[in-house]
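Here is the structure we will look at, set down as structure tokens.
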Amino acid sequence: MSRILCFDSWTRGSRHFVRLQNAFAQEGLQLKLVHLGSWGNDVGRPVVENIEQLDVADIAAYRGIDFDWILESEKPDAVVFLSTGTFAHRAMIRYCRARGIPTLNLYHGLLAVQAMGSYELAPKVYAGFVLRRLKKTFVKTLPCYVRSLRATRATPRDWLFFLKDVFDLATGRIINSGHYADDARTTHCCVYTKADISHAESLYGFSAEEVTVVGNPDLIHFGLQAKHIGRCLDPVRPLQPWIMYIDTALVSLGIAYSSWENFRQHIEATAESCRRLGYKLLLKPHPWHDIGRLKESFAGHNVELVAGDDFLAKLERCVACIVEPSSVTLVPMLLGLPVACARYGPLCNMQYGPVLTSYPRGQLLGALTDLPDFIRTQASVVSPSLFSKWANENSGPLPPEAMPNRVAGVVKNLLRAPR
């Protein structure tokens, strides 16, 4: 059985690997996750554990910060990443290249929902984000990457790119980076839909032949099946007086919102505008949020938090949806709901990618005073043919449940390719 190593910064992304297990096993591929949680992102976890039958090991199970020793110990036939822009992940890619081990960048979201290079940074919040990670960066991450540069005989250009990236990380320019260093590029790349092919080409330098479209696992995660697509186009569907807001934790990254208080006020203002129109605001928070803090902050403000398990069922009964840029926004769009892309208040300069701006039942919401017109016009604008064209282009290969099998097929081809 071939050994496939999954490499990530923490265990919170483990569900992306767990869903692959059965399909990989059918192809004779055994998965193991190695993560860097004890470096600061996911402290307190067991050094070795099992998450839903997935073998998991923290970096502490190995020798120091020597990633080459991980490869020597595990002897993987391939390594899979969910992202590759960080120094630590790039270090692992360099070691894999030196050993001739094929690598795969498995996108963990639909990135074409974002307009590249468009995020407006909140300097104070971003500074806090950097300061919280300063010790880990200088004690663990940067020494690890420098070690990989030396071990793999990096070129002068690699060293210059490293210095540039350190500066960009410190100043926040890395958030809007339009191109990653060469060592962020894996052997192959898997994306959710065709819309992200150009993203992979421009950001990482992949050729079209090095990118495979495998389907959108967010649809699996929230239970959306082919039968749900277009369901909310039905003019007599059962409705509740609800408008849902899909949050993407921009405030946690120091983007758009000047502070957490600024985010709270934004949600409260949205909820108040909905109340005046006779609607309750349902808030689908990003998992990074402290749910207890959200419940306490929004109690009595016409805001109801929505858990992942209830997301699809409640979404189907909503009148409309307000969104920030996130791959999860494809769920209300594929249902056929009216969707407003928030560009009011702190998000007034937010840019949205072509997947969202081309949606036929959507529009940019520049002010909360425009909410009544949006609901009224979108309730009457239903073009099944335009919707079907958009859905066919942006749903990804169907059924979504076959996504793990498609990824397994890509990995099998990587193992067969000459090295």
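The values are calculated or read from the model by the stated rules, or taken from the named source; none is laboratory data. Keep in mind that this is a model prediction, so the values were computed, not measured. Cβ placement follows ideal geometry from the backbone for every residue including glycine, while neighbour counts extend to all protein chains displayed. Ligands, DNA and RNA are excluded from the accessible area calculation, which covers all protein heavy atoms including side chains. Shrake-Rupley method; radii C 1.70, N 1.55, O 1.52, S 1.80 Å.
So which lysines pass the test for Lys135, namely a Cα distance under 24 Å, with those fewer than 8 places away in the same chain ruled out?
Lys124, Lys164
Please work out whether the chain counts as rounded, prolate or oblate from its C-alpha gyration tensor, where a ≥ b ≥ c are the square roots of the eigenvalues and a/c under 1.5 means rounded, while otherwise a/b larger than b/c means prolate and anything else oblate?
Values: a/c = 1.91, a/b = 1.51, b/c = 1.26.
It is prolate, given that a/c is not under 1.5 and a/b is the larger ratio.
Just add up the charged neighbours of Cys189: K/R +1, D/E -1, any other residue whose Cβ is under 12 Å from the Cβ of Cys189.
-3
For the chain, which whole percent of the accessible surface, found with a 1.4 angstrom probe, sits on carbon and sulfur atoms? Intermediate results must be reported in sequence, preceding the final value.
Working: 9570 of 18080 Å².
Result for the chain: 53 percent of the exposed heavy-atom area is carbon or sulfur.
Which value at 222 nm does the chain reach when only helices count, each DSSP H run of 4 or more adding -39,500 (n - 2.57), with the total divided by all residues and rounded to the nearest 500 deg cm²/dmol?
Values: 17 runs with 156 residues, N = 419.
Per the formula, -10500 deg cm²/dmol.
Which whole-number percent gives the relative contact order of the chain, counting Cα pairs below 8 Å spaced six or more residues apart?
18 percent
Among all the lysines, which ones have a C-alpha under 29 Å from Lys194's C-alpha, if same-chain residues fewer than 8 places away are not counted?
Within the straight-line limit of under 29 Å, Lys194 reaches these lysines: Lys32, Lys227, Lys284, Lys314, Lys389, Lys412.
Leaving out ligands and nucleic acids, note down the accessible area per residue over the chain with a 1.4 angstrom probe, in whole Å².
For the chain, the per-residue accessible area is 43 Å².
Could you work out which residue, out of Val323, Val331, Val166, moves most in a Gaussian network model of the chain, that is, has the largest mean-square fluctuation with Cα springs under 10 Å?
Sorting by GNM fluctuation, first place goes to Val166.
Would you check the accessible area of Ile220, probe 1.4 Å, heavy atoms only, in square angstrom rounded to 10?
The accessible area of Ile220 comes to roughly 60 Å².
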